[in-house]
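Undergrad: Structure in structure tokens, see below.
A short reminder: the numbers here are calculations on the coordinates, not readings from a lab. Given the structure is predicted, the values throughout are model-derived calculations rather than measurements. We place every Cβ from the backbone using ideal geometry, glycine too, and count neighbours over all the protein chains shown.
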Amino acid sequence: MASITNIIHSPIHSHRLPSFRLFPNRTAPANSLVLNRRSLASRLNSPLTENPTVSPSVELSNKAIGLLSFRKPLKSRSDVHLPVVKAAAADADGASDGLTSPSKSFGARFPALITGFYFFMWYFLNVIFNILNKKVYNYFPYPYFVSVIHLLVGVVYCLVSWAVGLPKRAPIDKELLLLLTPVSLCHALGHVMSNVSFAAVAVSFTHTIKALEPFFNAAASQFVLGHQIPFSLWLSLAPVVLGVSMASLTELSFNWTGFVSAMISNIAFTYRSIYSKKAMTGMDSTNVYAYTSIIALLFCIPPAVMIEGPQLLQHGFKDAIAKVGLQKFLSDLFWIGMFYHLYNQLAANTLERVAPLTHAVGNVLKRVFVIGFSIVVFGNRISTQTGIGTAIAIAGVAIYSLIKANLEEQKRRAAKIPSS
């Protein structure tokens with residue numbers, strides 16, 4: 001056995017050989033511990049498994065025994081303990097050996113908080129859009145052109161998102177284009193008619209009329225698609241019709257342009273839902289909405305040019321700039337388009353996180369928020385009968401949404417039960 005300077009009488013307690021710093025070409029100092037391969041192997045109970053070819057000399061300084069995985073040196077003592085470093089082998093799931101666990105993301109730890117944030121942003125953006133949109137119409141009453149701006153800003157947003165790969169653009173072929181064309185046409189018609197109504201009457205009254213949309217959906221499902229609508233659903237729509245009728249009879253801002261436009265919007269969005277079901281494809285909803293917006297924009301441009309083009313060129317733009325200035329005018333147009341696109345996107349994201357029943361109730365509450373905030377912001381005077389009629393209509397929509405969501409949930413559960 002080789003001689004050992006400054007002999008240390010304590011045994012080496014480790015059963016494994018940890019990682020040491022090797023110095024193959026340096027002369028050992030006087031205060032170092034020099035072990036050759038044979039003497040070191042004789043002191044260890046287990047064979048060398050890490051690297052069978054060990055350098056003839058291994059230097060262990062009694063000032064610091066440095067592990068490669070630990071930078072902090074061990075203090076010199078009378079006993080030398082070679083610490084056992086447990087290798088954390090990853091299991092099948094990629095987790096560590098129970099010593100450390102990957103930290104969960106904020107969304108995974110607080111899912112309810114994230115869902116609540118989605119609801120808040122959905123309501124907030126929708127309310128801001130309706131208020132800012134109506135303010136623009138107060139000094140720039142051109143709903144066809146404003147509708148084009150809404151879609152144009154959204155299309156630019158989608159194109160930029162595709163350019164950066166968030167999301168990745170899905171390819172479109174002729175067959176899918178033919179399927180999305182009627183959907184986009186109905187989307188364009190419903191959007192333009194909604195804006196015509198917003199420009200003509202109070203925001204609260206337009207949303208009260210649009211509460212009739214479930215009635216048109218039920219009628220189209222039964223008489224166009226041939227689906228049998230339960231009697232309970234038809235019964236829940238009775239207060240909706242009654243409430244809208246009461247609100248319309250005494251609405252102070254009532255005019256036929258606003259009323260008829262909102263009704264056409266309801267019909268257009270109903271047929272959009274019908275054609276959307278027929279155009280179900282494997283493409284994700286974000287790409288489908290982007291293509292729908294692009295095609296709808298192409299449908300909206302011609303009527304805007306023909307109906308409002310001459311007026312805009314003569315005095316429309318000049319009057320708006322004279323009232324608020326060029327910078328504010330362009331800023332308002334941009335932001336109403338951005339808010340329109342974002343609140344629709346947030347609505348879809350919220351639907352992905354919650355059950356249909358929760359989303360249906362949230363959609364009803366959203367309409368209540370929009371009506372309430374619009375009355376407060378614009379100071380619209382409403383009669384007692386209009387207020388009662390609006391409340392009845394909203395309550396009817398809530399009952400309808402609850403019944404419909406429960407029926408759809410029962411269908412899904414029945415489909416999951418295997419047939420005997």
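Undergrad: List the GluC sites (Glu not before Pro) in the stretch 311-420 that DSSP assigns to loop (not H, G, I, E or B) and whose Cβ has at most 11 other Cβ atoms within 10 Å. Which are they?
TA: none
Undergrad: For the stretch 143-238, just the Cα set please: Rg and Dmax, both in angstrom.
TA: Answer for the stretch 143-238, Rg first and Dmax second: 17.9, 50 Å.
Undergrad: Here is a further query. Rounded to two decimals, what ratio of Rg to Rh does the stretch 161-290 give with C-alpha atoms and a Kirkwood Rh?
TA: 1.06
Undergrad: Still on this model: Viscosity 0.692 mPa s, temperature 37 °C: what is the translational diffusion coefficient of the stretch 116-413 from Stokes-Einstein with a Kirkwood Rh over Cα pairs, rounded to a whole number of µm²/s?
TA: 163 µm²/s
Undergrad: Same structure again: Considering all projection directions equally, how large on average is the shadow of the alpha-carbon convex hull of the stretch 333-413, in square nanometres?
TA: Approximately 6.7 nm², given one-decimal rounding.
Undergrad: Counting only other residues whose beta carbon sits under 9 Å from that of Phe269, what net charge do I get with K and R as +1, D and E as -1?
TA: +1
Undergrad: Expressed as a whole number of Å, what is the distance separating the alpha-carbon centroids of the stretch 172-193 and the stretch 331-352?
TA: So the separation of the two Cα centres works out to 19 Å.
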